[in-house]
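The values are calculated or read from the model by the stated rules, or taken from the named source; none is laboratory data. Bear in mind that the values here come from a model prediction, so they are computed numbers and not experimental data. Quick reminder, even Gly has a Cβ in these numbers, built from the backbone with ideal geometry, and neighbours come from all protein chains shown. Ligands, DNA and RNA are stripped out before the accessible areas are found, and what is left, the full protein with its side chains, is counted by its heavy atoms. Shrake-Rupley method; radii C 1.70, N 1.55, O 1.52, S 1.80 Å.
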Amino acid sequence: AAERTAVNTTSIGLNQTLDWSDKKGAQVNVVERQLQAAQARLLETRQRVAVEALEAVVSYFTAHQMQALAQRRSELMKGFVDAVQQRRAAGDVAALDVTLAQVAYSEALMVEAASASQLAEAEAALQAVSGLTAASWPTLPGELASAPASVDASLLQRLPGLAVLRSQMEAARARIKVAERQGQIDPTVGIRAGRDDSDTLLGLSLEIPLFVRNNYKAQVREASHEAVAQEMAYRDAYRRAEARLEGALGRFQHTSSAWLTWGETGQAALREQMGLLEQMWQAGELSATDFLIQTKQNIDTQATATELLGEVWRSAIAWLAASGQVELWLGLSDQSVEKSAGERK
């Protein structure tokens, strides 16, 4: 400072506010929780994209198998039409059987066209979610791990969505400390030296703020209410996540059990049935109508089994998503990011 009057005065000084209440530490604590929430949101987005991609892969391969089955059905019906026409020429079947075979073949062609359309849609959806165009997509594993016998509640700690809310709740609690410490006095001390005309000038100062118009109690109440709201949101989300985890596990258990039963008994019986039908048809022990009905039933059962396999995979993906294990199952888990997001268990 400099002042030129009848007496010239110059001085230089330093003032320092003392953070006795550690306001900086409280603010750093808030920012750290916000950083954890941002990291958890990154994991949440990655998991969402991974789940969407897996579901698209399942839909594509289910549609691919359904389309192959529809082609098989068209081939069977075409052979059936040719056989019926030959027997009609020999006088072994009635004209109505020929018409019935032709109608069945037309239906099979329509089903094949619809299956091809669904396959094209599934492939387009897979390309959209992956951003790739592949001549052949990677296949799903041949076998799934068996479903757990019971729910492990500790798996909820893996959920990035809950980690986001947990970090937001902790940040809201930390803001209470910030508001409380804003109302605490931090003195400012200063020292200065200079010249007052020909005299040496030395000075010390002490400043203490007086919170007369604002004691920060309103800010503390606001932060407290916000913390309560964040805690309620977290508890509600936790209950919903727990229910979703139990529901996903139940769905996974039921569908995988049905698939195992089908693999143990139904699959072999279906193949045996189809072989017997062809033998009996060739031997003339079945009428055209009976052969057509039972063949259609056999193919419909195969289609149902294909849809069941797709449902098993979807239920497995839903279980992985509900338990926060998608990236772990894919082998894409970023341990460093997971560690920072899971520090508040």
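Determine whether the stretch 132-151 contains at least one residue that is assigned to a helix (DSSP H, G or I) and surrounded by 15 or more Cβ atoms within 10 Å (Cβ to Cβ). So far as the stretch 132-151 goes, no, none of its residues is assigned to a helix (DSSP H, G or I) and surrounded by 15 or more Cβ atoms within 10 Å (Cβ to Cβ).
Entry remark, the stretch 21-56: residues being touching a residue at least 24 places away in the same chain (Cβ under 8 Å), open to solvent by less than 60 Å² (accessible area, probe 1.4 Å) and of a type in the set (A, V, I, L, M) number 10 in total.
Scoring Glu285 on the criteria (1) assigned to a helix (DSSP H, G or I); (2) surrounded by fewer than 16 Cβ atoms within 10 Å (Cβ to Cβ) leaves a single failure, condition (1). Would you check if Glu278 is closer than 30 Å to Val81 by Cβ, part of a helix (DSSP H, G or I) and not basic (Lys, Arg)? In short, yes. A single entry from Ala70, Ala101 fulfils the requirement of being open to solvent by less than 80 Å² (accessible area, probe 1.4 Å), assigned to a helix (DSSP H, G or I) and modelled with pLDDT of 90 or more: Ala70.
Suppose we filter Met274, Met232 for residues that are free of Cβ contacts under 8 Å to residues at least 60 places away in the same chain and open to solvent by 70 Å² or more (accessible area, probe 1.4 Å); which single one remains? None of the other options fit; the residue is Met232. Summed over the stretch 183-200, the residues that are open to solvent by 60 Å² or more (accessible area, probe 1.4 Å) and closer than 18 Å to Asn214 by Cβ give a count of 2. Candidates Asp300, Asp290: the one that is modelled with pLDDT of 85 or more and either surrounded by fewer than 18 Cβ atoms within 10 Å (Cβ to Cβ) or in contact with an Asp or Glu (Cβ under 6 Å, 6 or more places away or on another chain) (or both) is Asp300.
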